[in-house]
Amino acid sequence: MAPATARHIIIGDVHGMLPELNALLGAVELRKEDVVVFLGDLIDKGPDSPGVVARVRELREGGQDVRLVKGNHEEKHERFRRAFAAAGDNVKMKGLDELKGITAALSGKDIAFLETAEIVVKVPGGVAVHAGVLPTTKTLDLATLGKGAELLMRVRHVTGATQASVTIEFGGLDFHPDFEREQELSPEELVALLGAERRTVVKTRYRPAGSFITLKKEGPGDPFWADVYDGRFGHVYFGHTPYVEDKTPREFQHAVGLDLGAVFGNRLAAAVLTGDGARSYVSVPAGDKFSTTPWEE
Ligand SMILES: [Mn+2]
């Protein structure tokens, strides 16, 4: 257990930006008793992923309480390592050159360190996750979430309205009703409404408002998750979505986005939580820009 006076330093996506990480650790005047939480995506895109992993690993080896949240980039590397072990050079994945180059440059200790990453890290007054939480999530228990835990690493926009449809076989024809008024009904209620006893239900589809949307598939009525998150798990500290023009972390009612897009040439940021419950922010400018596509994963 960290002592009561310990601070929590929560750091946004580093993406291989080693000088900026060192500058940030200097700017927060890191103390031995601080808990340092990295929000994931230590690696990829930037110039020195292996250097960043070694730096953070050595911080832990030096006795600092370091917690690592798993980002979608750490998850992608895990998938690559498994696939490469099984299929060698026959592996087909997007970004293969970067995956291979970084993997080759990581030591066994570095990889073991990366594999200590957690999907959710509890922090005072809330949780740290890589991307966010779905507004509809009822629990953060990973066993209960199952494959849904994956979305904590990826969520951005969520559905703004409930989508419900029932496909019904009727007289040899497929019947695809288009619901508007009944949107709040469950599939069972929709079927009852349609008099299903005379028909055969082929397929029901029900997605409540607040469901996951794949990147770039969102429409104008689909909010960013943190705009509709009700605070049920406390304050959520997240990265993943880079705010490439913001000078300070993006604050929501019950969440704060700490990825200020260092690798996109903006800033590397941290939240500092003190024992008395106060929250402040520290950030340092990026020395250079190594990626120009913040809308990509
Ligand atoms: Mn990410």
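Bear in mind that the values in this text are calculations on the coordinates, not laboratory data. Everything quoted here is computed from the prediction, not taken from an experiment. FYI the Cβ positions are ideal-geometry reconstructions off the backbone, even for glycines, and counts take in every protein chain you see.
Once you sort the root eigenvalues of the Cα gyration tensor of segment 62-143 as a ≥ b ≥ c, which label holds: rounded (a/c under 1.5), prolate (a/b larger than b/c) or oblate (the other case)? Oblate, because a/c is 1.5 or more while a/b does not exceed b/c. Using bins of 10 Å that start at zero, the share of Cα-Cα pairs per bin across segment 1-136 amounts to 11, 42, 32, 12, 2, 0, in whole %. Rounded to the nearest 10 degrees, what's the angle between the helix 49-61 long axis and the longest principal axis of the chain, both from Cα atoms, 0 to 90? Its long axis makes an angle of about 70 degrees.
Would you mind ranking Met153, Met93, Met17 by Cβ crowding within 10 Å, fewest neighbours first?
Values: Met153 24, Met93 13, Met17 27.
Sorted ascending by nearby Cβ count, the order is Met93, Met153, Met17.
Measuring r between the beta carbons of Lys94 and Lys289 and using R0 = 22 Å, the FRET efficiency lands at 0.50.
Which order results if Lys100, Lys70 are arranged by neighbouring Cβ count within 10 Å, fewest first? Don't skip to the end; give the middle numbers.
On the way: Lys100 15, Lys70 25.
If I rank by nearby Cβ atoms, fewest first, I get Lys100, Lys70.
Residue-wise HN-Hα couplings along segment 147-157, as the Karplus relation 6.51 cos²θ - 1.76 cosθ + 1.60 with θ = phi - 60° gives them from phi, are 5, x, 4, 3, 5, 5, 8, 10, 4, 10, 8 Hz; Gly and Pro carry x. Taking the C-alpha atoms only, the angle from helix 18-27 to the longest principal axis of the chain is near 80 degrees.
Relative to the longest principal axis of the C-alpha atoms of the chain, give the angle of the C-alpha long axis of helix 72-87, reported between 0 and 90° and rounded to the nearest 10°. With rounding to tens, the tilt is 90 degrees. Loop-located GluC sites (Glu not before Pro) across segment 86-140 with a Cβ neighbour count of 16 or fewer within 10 Å are Glu115, with loop assigned by DSSP. For Ile119, the residues 5 or more places off, or on other chains, whose built amide H falls under 5 Å of its own are Lys70. Working note: Karplus 6.51/-1.76/1.60 with θ = phi - 60° gives segment 252-262 the couplings 10, 4, 10, 7, 9, x, 9, 8, 9, x, 4 Hz, where Gly and Pro are set to x. Taking every Cα-Cα distance in the chain and sorting them into 10 Å bins starting at zero, the pair-distance distribution P(r) comes out as 6, 25, 30, 20, 11, 6, 2, 0 percent. When both bridge partners sit in the chain, DSSP labels roughly 65% of those beta bridges antiparallel. Here His254, His15, His130, His157 are placed in order of increasing Cβ neighbour count within 10 Å, fewest first, which gives His254, His157, His130, His15. In terms of modelled amide H atoms, which long-range or inter-chain residues lie less than 5 Å from the amide H of His235? Long-range HN contacts for His235: Gly126, Val127.
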